[in-house]
Amino acid sequence: MSILLCGAHEKNTDTIMILHMDQTSGNMALMSLPRDLFYRGKKINDTYRTFGPEQLMNDISKITGLTIGKYVVIDMYAFISAVDILGGIDQIY
């Protein structure tokens, strides 16, 4: 099973990752795709902006050969707010 993970804000997605889970072995792998990857003459993140996450999921399935059945889109500013609500991240020097 593979899931598309996108970090987005408004109509832009800057983070595109695939989480692949092997249900037999229980192993998981995470792969990041560059947002500037050219596919069909345009950047892959333009697909998200123009056609939405489902079309992006379909195109990335074609690019990678993986069957991607689901997607998760997380608003990056909402993620930052959630981290802050939970107490933030302490820097250790």
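Looking across the range 9-23 at every residue that is within 16 Å of G69 (Cβ to Cβ) and in contact (Cβ under 8 Å) with a residue 12 or more places away in the chain, the one that is least open to solvent (accessible area, probe 1.4 Å) is identified as I18. Within the range 31-47, is there a residue that is among the polar types (S, T, N, Q), surrounded by 14 or more Cβ atoms within 10 Å (Cβ to Cβ) and in contact (Cβ under 8 Å) with a residue 40 or more places away in the chain? No. One residue stands out in the range 48-93 among those that are in a loop (DSSP other than H, G, I, E, B) and closer than 20 Å to L19 by Cβ: the one that is least open to solvent (accessible area, probe 1.4 Å), namely G52.
The values are calculated or read from the model by the stated rules, or taken from the named source; none is laboratory data. Not measured: the values here are computed from a predicted model. Ideal geometry is used to build each Cβ from the backbone, glycine not excepted, and the neighbour counts take in all protein chains shown. Side chains included, ligands, DNA and RNA excluded: accessible areas come from the protein's heavy atoms. Shrake-Rupley method; radii C 1.70, N 1.55, O 1.52, S 1.80 Å.
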